[in-house]
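Structure first, then comments.
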Amino acid sequence: MSLLTAIRNKLFWSYDQLNGGRIDRAYLELKKFNEVDSNSASLINHQKKVLGQLLEHAVNRTEYYGQLKGAGRDLNDFPIVNKHLIREEQDKFIASPFDKNKLYMMATSGSTGAPFVCYQDVDKKKRVKAEVIYYSEKLGYAVGKRIIVLRAVVDQSRKSNLEQWMQNIVQIDVSTMDDERIVRLLSEIENLSRGGSLLLAYASTYDILKDFIMRKGMAYNCGIFGLVSISEMFFDKTRKVMAEAFKCKCVSRYSNQENGILGQDDFINNAFLLNEAHYIFEVLKTDSDTPAKTGEIGRIVITDLYNYAMPMIRYDTGDMGMISTMQYQDISKNVITNFGGRKIDMIYDADGNFLSPHKISVAFWQYPELTQFQFVQKGAKEYLVRLNVLGQFAKQKELEAELASMLGDSARIEFEYTDFIPSLESGKRKYIQNDYYQG
């Protein structure tokens, strides 16, 4: 560990201790309860205790769950909720005496593409920081080491220069990914990773890098000690090529903006070891709110045990998967496999250059009147935007102009208004879709 890394590490944990040591306690709790059998008495008792406290708080402090006063306090007594319901009834989910204006706002496009905003209190936010530390350590990270993040950098995701320096995080914009840009990007990664760095990106970004590396036959002798695919799964081929090129371990991380890190794979590709210290997981049938059978793929429903500002109890994530039990380092752990989560298509602008699908989705976040959207590439320069709106949508020209600025002057954008966004066979709706480029 370099001197500057050691100083950052010391400052981070000292500052945490001065503020009550909440990140440190959450980190130690993660280690304690996530590194025992999933059916161990210690984990079961921990979940039972904190769940009871959460349910009591939700019933007495929120308008939405207040309807359950006088009912039982069993988790099964609580209804299934989803993004659409929370969006429509948002204020009813905010617990008293929290002030929404003083909470951390978490924005995401959601599984249907519609803008979705939820809120976290400071304790929850610190637990998410502990999750990042805990799961990143499994690849050799320690607080103070550099994290390089590849993503479409927009106002909603951009960190200030001060934040980046204090956290030793470098954000690199990957809105476009032609060969010339990739050469510069890989050179930048090599320069930044001296002394050891962790690399985070969406799987779709790694897919582009994989294709480039396979065409050029390149390998990199740099300081990257681990690659993390966030929110999307690594394809096996991409994982293999990237691991060989950068000579490091690659993992997929199951996470979302509204909750945090739900799990991470390790010894089996895309078998996610669950974060049972912070969340309770259920898998329900695709057509009802009854539990899926053993070995059956269903809807992934979670209860976030620690967000007291906006309790999310039995929250349907919009993801599909199956919970099974596997042996891991001599203990029995629950994992999610057969994950039907958020692999979205690659999009190209009107000049044939790769355009981050996440930059496109962010363009829709500022329009709360959109219930759902779907962006489809129909041809080399042809694009279709399907919109499901609440009432009238008076900002089509603004949205069209923003999309055109990304896609290019020769792009032809068509709008279609509909009451129904078609879904895939899995039941999930693909909100970024490429019907022209298939590969």
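The values are calculated or read from the model by the stated rules, or taken from the named source; none is laboratory data. In this text, all values refer to a predicted model and were calculated from it rather than measured experimentally. All Cβ positions, even for glycine, are placed from backbone atoms using ideal geometry, and neighbour counts span all protein chains on display.
Evaluating Lys378 against the criteria (1) more than 21 Å from Asn353 (Cβ to Cβ); (2) in contact (Cβ under 8 Å) with a residue 12 or more places away in the chain leaves one unmet condition, (1). Number of residues in the range 42-91 that are within 18 Å of Leu274 (Cβ to Cβ) and small (Gly, Ala, Ser) equals 1. For the range 57-67, filtering for residues that are assigned to a helix (DSSP H, G or I) and crowded, with 17+ Cβ neighbours inside 10 Å leaves 4.
In summary, Tyr220 fulfils each of the numbered conditions (1) crowded, with 21+ Cβ neighbours inside 10 Å; (2) over 17 Å from Arg151 (Cβ atoms); (3) in contact with a helix residue (DSSP H, G or I) (Cβ under 6 Å, 6 or more places away or on another chain) with the single exception of condition (1).
Of the residues making up the range 310-328, not one is without any contact (Cβ under 8 Å) to a residue 40 or more places away in the chain and not in a strand (DSSP E or B). Residues in the range 329-343 that are at pLDDT below 90, surrounded by fewer than 22 Cβ atoms within 10 Å (Cβ to Cβ), of a type outside the set (Lys, Arg) and under 24 Å from the mean Cα position of the chain (by Cα): Thr337, Asn338, Gly340.
Residues satisfying the criterion are present in the range 138-145 (criterion: buried (at least 18 other Cβ atoms within 10 Å of the Cβ) and among the charged types (D, E, K, R)). Within the range 247-254, can one find any residue that is out of contact with any Cys (no Cβ under 9 Å at 6 or more places or on another chain), buried (at least 20 other Cβ atoms within 10 Å of the Cβ) and of a type in the set (D, E, K, R)? Yes, the range 247-254 contains a residue that is out of contact with any Cys (no Cβ under 9 Å at 6 or more places or on another chain), buried (at least 20 other Cβ atoms within 10 Å of the Cβ) and of a type in the set (D, E, K, R).
Residues that are of a type in the set (Phe, Trp, Tyr) and closer than 22 Å to Val117 by Cα were ranked within the range 361-389; the one that is nearest to the chain's Cα centre (by Cα) is Trp365.
If a residue has to be surrounded by fewer than 19 Cβ atoms within 10 Å (Cβ to Cβ) and outside any strand (DSSP E or B) to count, how many in the range 272-291 make the cut? Summing the residues that are surrounded by fewer than 19 Cβ atoms within 10 Å (Cβ to Cβ) and outside any strand (DSSP E or B) in the range 272-291 gives 6.
Quick grid of which residues meet (1) part of a helix (DSSP H, G or I); (2) at negative phi; (3) at pLDDT 95 or above:
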site	(1), (2), (3)
Gly20	no, no, yes
Lys31	yes, yes, yes
Asp37	no, yes, yes
Asn45	yes, yes, yes
Lys49	yes, yes, yes
Leu55	yes, yes, yes
Arg73	no, yes, no
His84	yes, yes, no
Lys92	yes, yes, yes
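Here Lys397 meets the list (1) under 21 Å from Lys430 (Cβ atoms); (2) of a type in the set (Lys, Arg); (3) part of a helix (DSSP H, G or I) almost entirely, failing just condition (1). When Gly391, Gly379 are checked against the criterion of being part of a loop (DSSP other than H, G, I, E, B) and at pLDDT below 80, Gly391 stands alone in meeting it.
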